[in-house]
Amino acid sequence: MNLADSEEMAGHLAMRGYILTDKLDEADLALVNTCTVRDHAEHRALSFLGRLRQWKREKSGRRIIFAGCAAQRLGQKLKKTFPYLDVVSGAREIDQFAQLLDKNGFTHSDAAPNTAAKDITGYVTIMRGCDFACTYCIVPTVRGPVHCLPSTEILRNAVQKAAQGYPEIMLLGQTVNAWRENGKTFADLLNEVSALPGVARVRFVSPHPAFITPPFLAAVKDNPKIARHIHLPAQSGSTKVLQEMKRGYTREMFLEKTAALKELGFAISTDLIVGFPTETEQDFEQTLSLVEQAGFATAYCFKYSPRQGTPAAQLNLLDEKILEQRLDILLNKVKGLAERAYQAQVGREVTVLMESENKGRTSENFWIETKKSYTVGSIVNSKVISAKDTLLITRD
Ligand code: 5AD
Ligand code: SF4
């Protein structure tokens, strides 16, 4: 999501004559787009901002914009701590970013931004915000309630991305599958986007398990352009902790959903949190056993981080040592998942979207090397003949 927001902000800057560089030495403007989902992310953003002080001194006219969720959370008081900061632009203000640039005198020019595809995947934001209230999570506070973009605008953006040369469209939202419009569902939208000219494959991130329902599965089942990979955050394997997190599902319900997804050929990745304040040793073991049972292809594991203003921040923290131990054990368990998932692909017929002449990604989101060379952006159907660590090899 932040990557897409960064692109959007960079687009507005490009229209004002700015050229993108990742070399600070060359830059006149530093745009820092931030995350605050865990304390660590916010700390990194702030320490980077600290380092920019010297950068700004080195050349006159240099400016700094601090944007995103940490900017939203901390607001204008950031300017007290970092007086050399020029503009603060919170995550909720992204729609007004262009006006903010104008108000602050960022130059207009006739520059025609280069919009040719740099990559395979074009990002299209379809909704922002979150109507859930997971007790550990700061997202509803900083991003606000759900706001769905109209399908006409989404389709227009997707057409534009495809025309720019992005064969894969990634639909984005904090709870992406909560998208609705009158009678239209998220699955309808997936099918519509996949039918647009030039679109070879559609992905989406991040879905909430609540909307993985039989009608959703039925609607995507016969559409091979909808990628067979889903990142479905479980957070915990213990029904008790899931209830305390207010996730809205039990361990059993989550497993039912993953089983149904696997039946349709989906590879599944997930997010897991260790050390939620009420998590007992038994609860943690439930998370370990969920990893076994759900058959994830990968899992991102996080230590619980208390976020100001969230209900869980009122609870007593577990000992940091326990958090570290549990994270260690979980990471060890997760380490072998990818290799196992790659191995399980051997012998399967796969659809590959080529990202270079000899390498691409399967619909299930596995990296694969082809024997022959193919055009970048084309779709190749082949069979997996072997797997080496986290790379598959095709027959053709
Ligand atoms: N502490 C630790 N991890 C968190 N996440 C969200 N909030 C917290 C928190 N307070 C994790 C969840 C989510 C991912 C983006 O970050 O696993 O899915
Ligand atoms: Fe946070 Fe829960 Fe919303 Fe995800 S669904 S953004 S974890 S509140």
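The values are calculated or read from the model by the stated rules, or taken from the named source; none is laboratory data. What you see is a predicted model; the values in this text were computed from it and never measured. Reconstructed Cβ throughout: ideal geometry from the backbone, glycine too, with neighbour counts over all protein chains shown.
Does the range 346-366 contain any residue that is assigned to a helix (DSSP H, G or I) and either without any contact (Cβ under 8 Å) to a residue 24 or more places away in the chain or of a type outside the set (Val, Ile, Thr) (or both)?
No, the range 346-366 contains no residue that is assigned to a helix (DSSP H, G or I) and either without any contact (Cβ under 8 Å) to a residue 24 or more places away in the chain or of a type outside the set (Val, Ile, Thr) (or both).
Look through ALA297, ALA313 and report the one residue that is more than 15 Å from ligand 2 (Cβ to nearest atom), of a type in the set (Gly, Ala, Ser) and either modelled with pLDDT of 95 or more or under 23 Å from the mean Cα position of the chain (by Cα) (or both). Talk me through it step by step, then tell me what you get.
Details: ALA313 fails: more than 15 Å from ligand 2 (Cβ to nearest atom).
Answer to the check: ALA297.
Do the conditions hold for LEU272, that is, is it aliphatic (A, V, I, L, M), part of a helix (DSSP H, G or I) and either in contact with a Phe, Trp or Tyr (Cβ under 9 Å, 6 or more places away or on another chain) or not assigned by TED's automatic domain parsing to the domain that holds CYS130 (or both)?
So LEU272 fails the test.
Being within 23 Å of MET9 (Cβ to Cβ), within 16 Å of ligand 1 (Cβ to nearest atom) and within 16 Å of the chain's Cα centre (by Cα) is the requirement here; does VAL205 meet it?
yes
Being under 19 Å from LEU101 (Cα atoms), part of a loop (DSSP other than H, G, I, E, B) and of a type in the set (Val, Ile, Thr) is the filter here; which residues of the range 14-69 pass it?
ILE19, THR21
Going by the conditions given, is LEU331 surrounded by fewer than 18 Cβ atoms within 10 Å (Cβ to Cβ), under 21 Å from PRO233 (Cβ atoms) and within 15 Å of ligand 1 (Cβ to nearest atom)?
Judged against the criteria, LEU331 is a match.
Evaluate the following for GLY237: is it outside the structural domain of VAL350 (by TED's automatic domain parsing) and in contact with a Lys or Arg (Cβ under 7 Å, 6 or more places away or on another chain)? Walk me through how you get there before you give the answer.
On the way: outside the structural domain of VAL350 (by TED's automatic domain parsing): yes; in contact with a Lys or Arg (Cβ under 7 Å, 6 or more places away or on another chain): yes.
Here the answer is yes, as GLY237 does meet what is asked.
So, in the range 245-266, how many residues would count as being crowded, with 20+ Cβ neighbours inside 10 Å and within 16 Å of ligand 2 (Cβ to nearest atom)? Before the answer, list the steps.
Start the filter on the range 245-266 by keeping residues that are crowded, with 20+ Cβ neighbours inside 10 Å, which leaves 245, 247, 251, 254, 257-258, 261, 266.
Of the ones still in play, those that are also within 16 Å of ligand 2 (Cβ to nearest atom) are 245, 247, 254, 257.
Total meeting the criteria: 4.
Could you count how many residues in the range 273-285 are within 16 Å of ligand 1 (Cβ to nearest atom) and without any contact (Cβ under 8 Å) to a residue 60 or more places away in the chain?
Of the residues in that region, 7 qualify.
Residue by residue, here is whether (1) more than 30 Å from ASN316 (Cβ to Cβ); (2) among the β-branched types (Val, Ile, Thr); (3) away from ligand 2 (no atom under 16 Å from the Cβ) holds:
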residue: ARG73; (1), (2), (3): no, no, no
residue: THR81; (1), (2), (3): no, yes, yes
residue: GLN96; (1), (2), (3): yes, no, yes
residue: PHE106; (1), (2), (3): yes, no, yes
residue: ALA117; (1), (2), (3): yes, no, yes
residue: VAL124; (1), (2), (3): yes, yes, yes
residue: TYR136; (1), (2), (3): no, no, no
residue: GLY144; (1), (2), (3): no, no, no
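Cβ contacts < 8 Å: first residue part of a strand (DSSP E or B), restricted to the range 184-202; second residue among the polar types (S, T, N, Q), any location; separation 6+ or different chain. Result?
Matching pairs, first to second residue: LYS184/SER151; ARG201/SER194; ARG201/SER363; VAL202/SER194.
Can you pull out every residue in the range 367-389 that is exposed (fewer than 14 other Cβ atoms within 10 Å of the Cβ) and assigned to a loop (DSSP other than H, G, I, E, B)?
If the condition is that a residue be exposed (fewer than 14 other Cβ atoms within 10 Å of the Cβ) and assigned to a loop (DSSP other than H, G, I, E, B), then LYS371, LYS372, SER373, THR375, SER378, ASP389 are the ones that fit.
Report, by residue number, each residue of the range 160-190 that is of a type in the set (A, V, I, L, M, F, W, C), out of contact with any Gly (no Cβ under 8 Å at 6 or more places or on another chain) and more than 29 Å from THR36 (Cβ to Cβ).
If the condition is that a residue be of a type in the set (A, V, I, L, M, F, W, C), out of contact with any Gly (no Cβ under 8 Å at 6 or more places or on another chain) and more than 29 Å from THR36 (Cβ to Cβ), then ALA187, LEU190 are the ones that fit.
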